[in-house]
Amino acid sequence: MRRLLSALAVTSFLVTGLPALTWAQSLPGLTLFSGIKGENQLPFRLDFGGQANGWDRYILRIPAQKMKLAVGQFAITYPDYYKGIFDPKNIEVRVKDKAVKLSEVKWDKEGKLINIFPEEPVPAGSKVEVVLSNVQNPPFGGVYYFNCQVLSPGDVPLLRYLGTWILSIS
């Protein structure tokens, strides 16, 4: 009877523990002491686990309630200690699970900035995903704050802050 109970306990631990490991990099959980207010933290997914020096796909999400105005430009900044490599030819913007045609994508390595210009403005109130494919993660793990700023068409030409993705590379 003792063996049966211990086997049941180990099995239940494994069954409940494995999904937590699997979901670890799917979306950010509760982040304490990040310096970023909860309402400014944006959801994301790292498709291939966020392993240091590995290849990955970042799906950076912007919820519909954050998209208060139409967007003609997305500007993503990242810290200077992030040493990953992006492939500007493999960056896309999805609205309602459909790719939006982009007129230009510029990666400024020295300025730590990715500028994305859709051909047509992305409508206000849309759920948006910025997909960075073919990314080589930095050689060392760490926590990296990717900030999202946008420019609305016809607006004052100043970028407006939407939020921050807090990526963890292990």
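The sole residue among LYS127, LYS96, LYS106 that is surrounded by fewer than 19 Cβ atoms within 10 Å (Cβ to Cβ), in contact with a Leu (Cβ under 9 Å, 6 or more places away or on another chain) and basic (Lys, Arg) is LYS106.
Each row is one residue, and each column tells you yes or no for (1) within 18 Å of the chain's Cα centre (by Cα); (2) more than 27 Å from LYS83 (Cβ to Cβ).
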| residue | (1), (2) |
| --- | --- |
| ASN115 | yes, no |
| LYS127 | yes, yes |
| TYR144 | yes, no |
| GLY154 | no, yes |
| LEU158 | no, yes |
| TRP165 | yes, no |
| ILE169 | yes, no |
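Annotation note: Cβ proximity below 6 Å between a residue of the stretch 136-159 that is farther than 14 Å from LEU60 by Cα and a residue that is small (Gly, Ala, Ser) and open to solvent by 70 Å² or more (accessible area, probe 1.4 Å) (sequence gap 6+ or interchain) occurs for GLY141/SER170. Take the conditions open to solvent by 40 Å² or more (accessible area, probe 1.4 Å) and at positive phi and apply them to LYS101. Does it pass? Answer is no for this residue. Selection of the stretch 33-63 for residues being assigned to a strand (DSSP E or B) and open to solvent by less than 20 Å² (accessible area, probe 1.4 Å) yields PHE44, LEU46, ASP56, TYR58, ILE59, LEU60, ILE62.
The values are calculated or read from the model by the stated rules, or taken from the named source; none is laboratory data. Everything quoted here is computed from the prediction, not taken from an experiment. Note that each Cβ is placed from the backbone with ideal geometry, even for glycine, and that neighbours are counted across all protein chains shown. Accessible surface areas use protein heavy atoms only, side chains included; no ligands, DNA or RNA. Shrake-Rupley method; radii C 1.70, N 1.55, O 1.52, S 1.80 Å.
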